[in-house]
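Okay, structure first, notes after.
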2 protein chains.
Amino acid sequence: MNKIKISLDAMGGDNAPEIVVEGAAEAKVRYPDIEFIFFGNEKILDPLIKSKKNLFDMETIHTDEFIKPNDKPSNVIRRGANTSMALAIKSVKIKKSDAMVSAGNTGALMAFSKLFLKTISGINRPAIVACFPTKEGEVCMLDLGANIECDKNNLIQFALMGQAFAKIVIGIKNPRVGLLNVGEEEIKGFDYLRDASDSLKSLGKIINYCGYLEGDRITDGLVDVIVTDGFTGNIALKTAEGTASFFTNSLRESLKKSIFSKLGYFLAKKSLEGFRAHMDPRKYNGAVFLGLNGIAVKSHGGTDAFGFANAIGVAYDMAKYNFIEDLKKKLSITTKHLVL
Amino acid sequence: MNKIKISLDAMGGDNAPEIVVEGAAEAKVRYPDIEFIFFGNEKILDPLIKSKKNLFDMETIHTDEFIKPNDKPSNVIRRGANTSMALAIKSVKIKKSDAMVSAGNTGALMAFSKLFLKTISGINRPAIVACFPTKEGEVCMLDLGANIECDKNNLIQFALMGQAFAKIVIGIKNPRVGLLNVGEEEIKGFDYLRDASDSLKSLGKIINYCGYLEGDRITDGLVDVIVTDGFTGNIALKTAEGTASFFTNSLRESLKKSIFSKLGYFLAKKSLEGFRAHMDPRKYNGAVFLGLNGIAVKSHGGTDAFGFANAIGVAYDMAKYNFIEDLKKKLSITTKHLVL
């Protein structure tokens, strides 16, 4: 059995390196064929790693340097080549590992990934993808903020990348793809959106395209992949996150109000477990910068071991089930149909 | 005491004319100085109106014609001049009434409003505004979909209109205004967003501008007015609505699961009332097409009497507290500072 080797930026994130090591131990239980390389300060890392029975034989690569949360991508590129994050990405580039995961600075991770891993031929611009809960299961959306402005070809490429991602990471055979727009009618939205929609329709054999989708249908489970530009995607993602946390917090405050509501909450707790588990943002942790010659997964900075293990799971699935090869195949068929 | 006269499209909406009449009766209790003109089929309307004690002396203007939910705005303009909606808007134009409210077809309402009421001098494009709940109270956002593409001047004008709206309808003395963007840093977003931000900063004496705001802060209560283009605003609004209804429905399903959770819900019910009342979409019913020489308020098509009365409340406040005059004054001061 071929092992899947994952490089971890052990120093990235609010609770690093503790949750990185704990998340790795949890992921190793789920995926016994996984191996890790930890990049970071070995003096801090080694005792943590040794405290986990299933990580005792994992490699550590020492560096004193790490990226800080507020480091600017431009500075990072110039001065951060020996940081734990940069070294982890380089290990993917030289094929010492199959993928990398970091809970560190998003801008730095994007800048290094692009610099070291380079864009796949046929992809003009990489895009950020992540998954969310829906009524029926989960959906992935891209671009979530890498590209403020997009054209028709970017959107078609996002559709191809999103489709490959949903197939491999969510596990859907023939993912349904929708374009985010302000109406479902053909005439709605910008010219480049209508052009992208026409092209996607003409790619019926390659992409299971379902047309436009409005913002209130994102969580409906009608599609598996939602394609949009990075500005709109970022606003939609954050609006959904904000609304969800506003609801959860207001509800929690209300339930604390009286002894009756506290008792009521206690009685309902078991029934609410499924709801909470389905909505748990840690379950959907792991955003990916898609379209590069290598797999780099971004974990939420403030997550815990369970969340970090899920981000490792995304990297594991993409590496094990050949995401990049699958995407390249689809791209080569597509370019026969369209000039992208 | 001057009466405030409101024209009602009695035939518009899923539950018309019943909820229109019931909503009017409810609004009349709240605002004793209100008067209505009902536009619609008098054979159906008269018995409904007569059944309400406080509406007995209100005027009815008969028409057999009304706009259907799926009528296209272009057809409506050509053939709908005698519909209940068009006549209600015309009554505002000829100053027979101070404002109008309709729960009918949004596209038709926008088309007629623009045609009959015309844009205020100094406003290039009207915008749709509505209010939403936040942690602290409520916030209004515009544009929610009237203008797919916007430039710097549109956004500045939206800020002025939103500010006048929040002052009069939410009742905030010096409303805080934010620009929706993908980050809070100065360099984020499109050029026209940065230009609008710079201009808004230079209007410090006229607008209480607070900078950029991300999607997850919409419900935070940090600002009272959120300004954005119609594409982004529509996506953000619908994403928030979809997320809220997804949460509410999933929670409801979970609470039905066992006898314990049903009992728990029963015990917590009283404490949850405040939460439900604050989130109740009927409370925020009443979207307005701002920037016209007249007040036209759109009620949600599927609302009930309570929701329709709230939409009437928006029209009442705007008419009573001179929204249009207030906006015109601000526009004339602004044009001294900026060429819009």
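The values are calculated or read from the model by the stated rules, or taken from the named source; none is laboratory data. The model shown is predicted, which means the values in this text are computed figures rather than measured ones. All Cβ positions, even for glycine, are placed from backbone atoms using ideal geometry, and neighbour counts span all protein chains on display. Please note that ligands, DNA and RNA were not included when accessible areas were found on the heavy atoms of the full protein model with its side chains. Shrake-Rupley method; radii C 1.70, N 1.55, O 1.52, S 1.80 Å.
Of note:
- Against the list (1) in the same structural domain as B:G13 (by TED's automatic domain parsing); (2) open to solvent by 30 Å² or more (accessible area, probe 1.4 Å), the condition B:V314 fails is (2).
Table: residues versus (1) among the polar types (S, T, N, Q); (2) more than 20 Å from B:G230 (Cα to Cα).
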{"position": "A:E138", "(1), (2)": "no, yes"}
{"position": "A:M141", "(1), (2)": "no, yes"}
{"position": "A:L144", "(1), (2)": "no, no"}
{"position": "A:N147", "(1), (2)": "yes, no"}
{"position": "A:L155", "(1), (2)": "no, yes"}
{"position": "A:Q163", "(1), (2)": "yes, yes"}
{"position": "A:G183", "(1), (2)": "no, no"}
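- Taking the criterion of being open to solvent by less than 40 Å² (accessible area, probe 1.4 Å), within 12 Å of chain A (Cβ to nearest Cβ) and under 21 Å from B:A166 (Cβ atoms), the residues of segment B:180-219 that qualify are B:L180, B:N181, B:L193, B:Y212, B:L213, B:E214, B:G215, B:I218, B:T219.
- Test: residue in segment B:281-291 that is among the aromatic types (F, W, Y), more than 7 Å from chain A (Cβ to nearest Cβ) and within 30 Å of B:N174 (Cα to Cα): yes
- Taking segment B:267-290 as the range and being of a type outside the set (S, T, Y), modelled with pLDDT under 85 and touching a Leu at 6+ places or on another chain (Cβ under 9 Å) as the test, the residues that pass are B:L267, B:A268, B:L272, B:F275.
To keep it simple, each residue is scored yes or no on (1) modelled with pLDDT of 90 or more; (2) of a type in the set (S, T, N, Q); (3) farther than 18 Å from B:A146 by Cα.
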site	(1), (2), (3)
B:G204	no, no, yes
B:N208	yes, yes, yes
B:D224	yes, no, yes
B:F231	yes, no, no
B:S245	no, yes, yes
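- Residue count, segment A:171-206 (criterion: in a loop (DSSP other than H, G, I, E, B) and closer than 23 Å to B:T106 by Cβ): 10
- Residue within segment B:240-259 that is more than 7 Å from chain A (Cβ to nearest Cβ), farther than 24 Å from B:H278 by Cβ and under 19 Å from the mean Cα position of the chain (by Cα) present: no
- Only a single criterion out of (1) surrounded by fewer than 19 Cβ atoms within 10 Å (Cβ to Cβ); (2) among the small types (G, A, S); (3) closer than 30 Å to B:T106 by Cα is not satisfied by A:G233, namely (1).
- The set of residues in segment B:35-54 being among the charged types (D, E, K, R) and under 25 Å from B:K95 (Cβ atoms) consists of B:E35, B:E42.
- Applying the set (1) open to solvent by 60 Å² or more (accessible area, probe 1.4 Å); (2) assigned to a helix (DSSP H, G or I); (3) within 7 Å of chain A (Cβ to nearest Cβ) to B:G264 leaves exactly one unmet item: (1).
- You will find that of A:K135, A:K118, the residue that is surrounded by fewer than 20 Cβ atoms within 10 Å (Cβ to Cβ), farther than 19 Å from A:K328 by Cα and touching a residue at least 60 places away in the same chain (Cβ under 8 Å) is A:K135 and no other.
- Residues in segment A:220-236 that are outside any loop (DSSP other than H, G, I, E, B) and more than 7 Å from every other protein chain (Cβ to nearest Cβ): A:V225, A:I226, A:V227, A:G230, A:G233.
- Residue ranges of helices (runs of 4 or more DSSP H) in segment B:14-102 with at least 2 members assigned by TED's automatic domain parsing to the domain that holds B:D317, in contact (Cβ under 8 Å) with a residue 40 or more places away in the chain and open to solvent by 60 Å² or more (accessible area, probe 1.4 Å): B:18-30
- B:F132 part of a strand (DSSP E or B) and aromatic (F, W, Y): yes
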